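For reference, the structure is listed below as structure tokens.
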Amino acid sequence: MSRTTLIALSLFLLVESLFGFATYYSFSSEVGYRLKFRETQLDTAVESITSSYGRLVEAIFQKEVNTRDIIEHVAAAEKASPKERNRLRGRLYRRMYPTFKLLQDRKIRVLQFLLADGTSFLRMNRPDLYGDTIADDRPLLRRVLVQGHHAQGFEHGRVYPGFRNAFPLLKDGQLVGVVDFSVAFDALYDVLSSKNRDAASFSQFLLRKDLVEAVSHPSVRSLFRDTTVHPEFVIEDESSSMRDVVQIMEAPPYLEPLDLALGADPDVDTAMREGRTLSLYKCIDNFDCHQVVLLSVKDSAGRPAAYVVGSFPGDEYPVMLRNHLIVFALGSLLFFLGGRSYQHWLRSRQQLQTISENMVEGLYVMNNQGNIVFSNKAAQNILGFSKHEMQGKNGHNLFHHHSADQPVTAQNCPIRTEPMSGNVYRSSNETFTHRSGSLIRTEVTSSPLRDEGSIAGAVVLFRDITQDFENRIRQQQTETAFQNMSEAIMVTDMNVNIVAVNRAFTEITGYGEKEVQGKNPNILSSGMHDPSFYQEMWVNILQDGYWEGEIFNRRKDGDVYPEWLNITTIRDKDGEVLSHVAVFSDITDKLKKEKRLQELAYMDQLTNLPNRTSFMHLFDQALKHSKRMNVHAALLYLDLDHFKQINDTLGHQVGDKLLLEVGKRLQRFIRQDDVVARLGGDEFIIMIEAFDQEDDPARVANKLLQCFREPFSIEGRSLHISASIGISIYPEDGEDSTTLLKNADAAMYRAKRKGRGNYSYFTEDMAREAEELFVLETDLRHALRADDQLYMVYQPKFSLEHHALVGAEALIRWQHPERGLISPLEFLPAAHDASLMPEITDLVIRQVARQIRAWNELNIDPGTISFNLDGQTIKSIDLSSHLQRIVRDEGISPGKLEIEITETVILEQTKYSNLYKDLIDAGFTISIDDFGTGESSLFRLKHLPFNTLKIDRIFIKDVEHDENDLAILRSIVEMADSLGKKVLCEGVENASQLSLLNEIGCDEIQGYYLAKPMRPEEITRFYSEFEPEEFVKATTGDGPKYLQKESTGESNDNRHRQA
């Protein structure tokens, strides 16, 4: 093999290797750039969300929490007795409840008060959890307690983890407590969803399992489930009944296999164990690829605590890989062909020996492949290379420099390619690299080198123009900066005549540079400032050399606008004025934004009424006036009745339009001096200022209630709605706005209990009732987590036709450790108001299922066991799946459970008809409870998938004396029989009632005449000892065998069913 061929082959292999590396580097760079973009996008979004919520929380803290009465409450609790502390906790809960509802509407799920010793005093989201030293597990809270300053960061809590903000409560400079806020993950999900508009994008929030288990309360562990991404992390379980929000983000179909693929990736495992952020492409198959960003979230102690996992479409990945492989294959072919030509190129190196060595310009000669075959001394001196170091080297690779974002290979460098095409290449914008590494700006001329008519290479002449280039660049940069600044610039001479303006000046004023050159700046004067204003301005300019301020000027079209103006005087070394430079910006939009922010802060955006902040400010001023003038003032708290039903059935758009129309109508019906505002949701507040007549508030309330008698026309619908109003009076019911608002709220709830569509004045009894209700609700939350307070009793049901025991109804009872047996009439309404019915219903279902399994193990057939289902539960959980999971876990038949749904709930929740069908298909049975108390129609009954009509006891108690009740019962039985449904009559109290029900053909009965509700051990014995003959005697009037006092301690006044 000849030396020429060996050199050519070696060069080909070298270039091929470099090209392969460049191709791989290009591919890796593009992949890395795309992933880094996604990572930055997600990190910026999370930072923006947490910052914006931090500002919101701080504003709410300063306005609503950091007040004198709140601080006094917390300070008093520090030294109070346990009993007094409970009372203070109740008062603080009621005081903060409206604020907490406002926070929940904005996805801030935690509001907690701590005492100065680090113990939890009140959790608004879990008022039953208090007294624990949470600060021991929360570094952020310890920091606030020690330093007395606001702190923020991500932390795990007793109930929920989240992005937290903690603020100190100071009294006379001393720390008395801490207020802790936490933003819900749903806020993060909502905003990330709105920022990532691609339908295939999805975000998850993973939490470190060990930190959750170390800090959280055992009662909330079921809120989380394991994730397949990593065994040491968990995710919030959307189906958990403990979840405080009902919004569930629908996961895309690719998420499950993508999570499994991430879980199998060792790089993901290592990064998550080390707490590092990681971005990668992950392909489920050859074509289904995704960009995945695992963004590490550190807690306040600097520990990796969670990950925001964002997945984005990555369809470009296989395309990029394919394209780079094609480029590499084609490039290799080209390099091979070029290598063959290199042998001929070397033969021409002697042709350049005659070129002069005395040229001032650098000169080098290269062959067709770009390799240097000759260089003169000037080239060697300019570049710093010796002749030996340049000889045979590719000039492009040796010293030709290109930026990384615009790479140029030796094969397509114009210094070589243009001469090879027969053209002369001239450029004054080339950069060579000195041997030391410094860059040299050069002017280059590259001409073809011909040999016997063919192009054998190129002759390159160049000279160093670095200094000239730098001077020219500085001049261009100055001009570019001047013309492209966002602020307008105007330069005047020493006589204050305009000599230059930039592009922003023209855009703002409308004047071109030629129109104003040589003129005085007073051509912009608006005429809105008097001469003294300009005289004072020029005094400052001439004395201090500087003036800054807001000024109004006039555009070319006559429009007057505000601007922020800076004027600086330029002087020479002797202090003589050379020129003045004015820099200004149009602040019209800024002033509009400030005005808009003012409106957002004080006006409700839906109704354009004053919002809570604005109203409380107005009311405080009104109270000061009333106190000064010694007159009364009143607060009317108005809440729409059943507004939630409109939202649920017709949608939030209709609900919002209804609220807008309500606001307009209220404004028409109040006095001119009165103020109406919207607090939030469906709550409005009306201020009556300075009234003299005692009944003025009642007259206004009646007038407002009258305005709801006319229906509202919304989107072609005629909507009827009523309202309830609570009234508090200054100074009798309070001397500050917070107390009067709280008392008016309490009075409003009393009005609702009176039957809605009413008004009620505040009384001291209401305050006591509210405190008692808070204690009851707190005790009930404790009872739900205790093992021995809430229990089930069972009242048997009998078949009149078969004289048989066909099942029982499950009823819940509460044995309070201090108060004894509490009636369901007392605690179930409180549970409903506190949204605890889903938890109570879940407890009932599980206890009933376990009891049925126990009876099965004793070979006792209990028949069908029924339980009552509350409307809240239907809306809060996936009922069909939940019930099927319980019966499957307990190993019982679904046919053993009968679900009682009241007629009213069925009518209000018609959209759940598919749910009822699913329950029937799964094997459960459904009965309509309290039938006759609602507004059912035959058409609706015909299409409802129920098995039994359960007639309310109000139709039974007087049936032997009231012919109307008997006729109604007979009609219901005949109607049910025609529909193929059973009829069960409850509340049977005597033999004559039983005889009449038997006569009209009632299928089943239930009541104290035959059997009382019994504890499990009693009804088990009852099942074993039941004798049909005794039942037959009861139906013939010989008297029942089973009538006796209920062992649970209930009186017969509390017989009717509560589930």
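The values are calculated or read from the model by the stated rules, or taken from the named source; none is laboratory data. Computed from a predicted structure; not experimentally measured. Cβ coordinates were reconstructed from backbone atoms using ideal geometry, including for glycine residues, and neighbour counts include every protein chain displayed.
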Helices (runs of 4 or more DSSP H) within region 196-303 that include 1 or more residues hydroxyl-bearing (Ser, Thr, Tyr), on the phi < 0 side of the Ramachandran plot and modelled with pLDDT of 85 or more: 266-274
Residues that are touching a Ser or Thr at 6+ places or on another chain (Cβ under 8 Å) and more than 18 Å from Leu334 (Cβ to Cβ), drawn from region 8-41: Leu35, Lys36, Arg38, Glu39
Which listed residue, of Glu710, Glu694, is in a loop (DSSP other than H, G, I, E, B) and in contact with a helix residue (DSSP H, G or I) (Cβ under 9 Å, 6 or more places away or on another chain): Glu710
Subset of region 950-989 (residues that are farther than 13 Å from Ile1000 by Cα, touching a Lys or Arg at 6+ places or on another chain (Cβ under 6 Å) and outside any loop (DSSP other than H, G, I, E, B)): Glu986
Residues within region 677-709 that are closer than 18 Å to Phe762 by Cα, small (Gly, Ala, Ser) and surrounded by fewer than 21 Cβ atoms within 10 Å (Cβ to Cβ), tallied: 1
Among the candidates Gly457, Gly422, residue that is farther than 14 Å from Phe399 by Cα, in the same structural domain as Phe374 (by TED's automatic domain parsing), in a loop (DSSP other than H, G, I, E, B) and of a type outside the set (Ser, Thr, Tyr): Gly422
Yes/no for Asn520 being surrounded by 13 or more Cβ atoms within 10 Å (Cβ to Cβ), farther than 26 Å from Lys592 by Cα, in the same structural domain as Met490 (by TED's automatic domain parsing) and of a type in the set (S, T, N, Q): yes
Cβ-Cβ under 7 Å pairs, at least 6 apart or on other chains, region 366-393 side basic (Lys, Arg), far side buried (at least 24 other Cβ atoms within 10 Å of the Cβ): Lys387/Ser375; Lys393/Asn371; Lys393/Ile372
Some residue of region 786-809 being among the polar types (S, T, N, Q), assigned to a strand (DSSP E or B) and within 22 Å of Leu869 (Cβ to Cβ): yes
Residues of region 272-308 classified as polar (S, T, N, Q) and more than 21 Å from Pro231 (Cα to Cα), total: 3
Matching entry among Val31, Val15, Val57 (being buried (at least 19 other Cβ atoms within 10 Å of the Cβ) and under 24 Å from Glu316 (Cβ atoms)): Val31
Failed condition for Leu996, given (1) surrounded by fewer than 23 Cβ atoms within 10 Å (Cβ to Cβ); (2) of a type outside the set (Phe, Trp, Tyr); (3) not in a helix (DSSP H, G or I): (3)
Failed item in (1) under 28 Å from Ala786 (Cβ atoms); (2) touching a Leu at 6+ places or on another chain (Cβ under 9 Å); (3) part of a helix (DSSP H, G or I), with Val110 passing the rest: (3)
Residue in region 406-419 that is out of contact with any strand residue (DSSP E or B) (no Cβ under 9 Å at 6 or more places or on another chain), surrounded by fewer than 11 Cβ atoms within 10 Å (Cβ to Cβ) and β-branched (Val, Ile, Thr) present: no
Test: residue in region 839-857 that is assigned by TED's automatic domain parsing to the domain that holds Lys950 and without any contact (Cβ under 8 Å) to a residue 24 or more places away in the chain: yes
Qualifying residues in region 488-517 (those that are assigned to a loop (DSSP other than H, G, I, E, B) and without any contact (Cβ under 8 Å) to a residue 60 or more places away in the chain) - the one surrounded by the fewest Cβ atoms within 10 Å (Cβ to Cβ): Asn495
Those residues of region 994-1039 which are more than 25 Å from Glu960 (Cα to Cα) and among the aromatic types (Phe, Trp, Tyr), in sequence order: Phe1022, Tyr1023, Phe1026
Qualifying residue in region 668-689 (condition: under 22 Å from Leu102 (Cβ atoms), in contact with a Ser or Thr (Cβ under 6 Å, 6 or more places away or on another chain) and not assigned by TED's automatic domain parsing to the domain that holds Arg106): yes
